[in-house]
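The numbers here are math on the coordinates, done by the rules we state, and not lab data. As the structure is a prediction and not an experimental result, all values here were calculated from the model. Glycine gets a Cβ as well: all are built from the backbone with ideal geometry, and neighbour counts include every protein chain shown.
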Ligand SMILES: *Cc1c(COP(=O)(O)O)cnc(C)c1O
């Protein structure tokens, strides 16, 4: 058998990895090389929304593996049309472009926003407004779109054309339009930046302003999309209609995929030669996307997520009230942030030692991402464990 410690020397040191190697997953659980099982409340960072290796996606991928893997976008790929139809039928958007990742979906959004300005007679509009504490990806353009200094550090000069405003700040809305603005790009719950939900009224005022000035409202739903917040897309809970949304994480149940969806008047700025991708929209990814979406849209799944989330939120509020180590519980649906007074890393380790995987979002925020399919019993295992850990921390705390 291979050893548990993964040899790092041939691998670039881009991640501080947790000290476990995972070799198998099914449903809400993953297993390490020693056969130990963990309740996975990271869902592969909001990606395995149906749990690990969900049956129907597995079955359809197996069939596709036996049929066709790749043929390039120089030919028609029927499943692209089907997935585009399914995504647009269930959203306010009209057309889709398929990529392989979240960053690539945002790259497509950034490109179409620039092209749209030129096509609509505003070549001077070259800027995109994003927000502080946002996260939009790691490519050179999307890291520049990201409103976090720690992501920029070491990579200057940044790709120009981005302006950062404070999130949820009503006064800052006056600075959105400066004659150069073509689009606004934002997350409705900032995921990596600390699980910060956008204020509903603020988003509505922002959307009105965008509409008024023909500024594109582009919502990064890469983490919030595909049921994560209890509706298929988070924007559906805000009463706004974005011009563009980007998707990735949950869309393929773990198979790499990204998508940029746009309203028709925006989508028409992409013509042959404007944009492309060798792998984007390949038959395997489209199969994973279609099978995932079909499951997510099953009659009872999202209402069930809502019910489970309501129970979970109440329970987490109780944990917060009964223990001193928790500062705030925030988020939407099954995208949950728990701000602690302690370092999140220490709490993550305690969870892992008790067989549960959770993430951080910044130094002091625990990010909890149960699969949407998690059972009531598993949720109770989680909250019971949280109570135990909170009691342990309170007992050792000096204040
Ligand atoms: C993960 C994430 C991205 C980047 O996606 P990749 O697939 O890692 O490129 C962009 N935006 C948001 C909101 C994300 O959560």
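Per-structure values
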| read-out | value |
| --- | --- |
| Kirkwood Rh and Cα Rg combined as Rg/Rh, segment 225-296 | 0.99 |
| Principal axes of the chain: Cα extent on each, largest first, Å | 64, 56, 47 |
| Helix 55-65 axis, angle to the chain major axis (alpha carbon atoms, nearest 10°) | 50 |
| Residue of 139, 182, 67 that the Gaussian network model of the chain assigns the largest fluctuation, springs spanning Cα pairs under 10 Å | 67 |
| For segment 78-221, fraction of C-alpha pairs farther apart than 18 Å, in % | 58 |
| Max mean-square fluctuation residue, GNM over the chain, Cα-Cα springs under 10 Å, options 232, 68, 247 | 68 |
| Ranked packing of 145-154, 361-370, most packed first, by mean Cβ within 10 Å | 361-370, 145-154 |
| Separation of alpha-carbon centers, segment 91-157 and segment 161-191, rounded to whole Å | 12 |
| Contour minus Cα-Cα distance for residue 294 and residue 122 (0.36 nm per residue) | 57.9 nm |
| Alpha carbon convex hull of segment 301-365, volume per residue in cubic angstrom | 91 |
| Extension reserve of the residue 346-residue 74 stretch, reckoned as 0.36 nm per residue once the Cα distance is removed | 92.9 nm |
| GNM flexibility winner over the chain from 30, 65, 347 (Cα, springs under 10 Å) | 65 |
| Sites residue 156 and residue 388 - FRET efficiency at Förster radius 35 Å, r taken between beta-carbons, to 0.05 | 0.15 |
| Residues 164, 306, 75, 341 arranged by fewest to most Cβ contacts within 10 Å | 75, 341, 306, 164 |
| Angle between the chain longest axis and helix 283-296 axis [Cα atoms, degrees, rounded to 10] | 60 |
| Antiparallel %, DSSP beta bridges [both residues in the chain], to 5 | 65 |
| Folded to 0 to 90 degrees: helix 78-89 orientation relative to the chain principal axis, Cα | 80 |
| Cα convex hull volume per residue for segment 56-161 (Å³) | 179 |
| Debye intensity ratio I(q)/I(0), log10, segment 200-249, q values 0.18 Å⁻¹ (C-alpha model) | -0.54 |
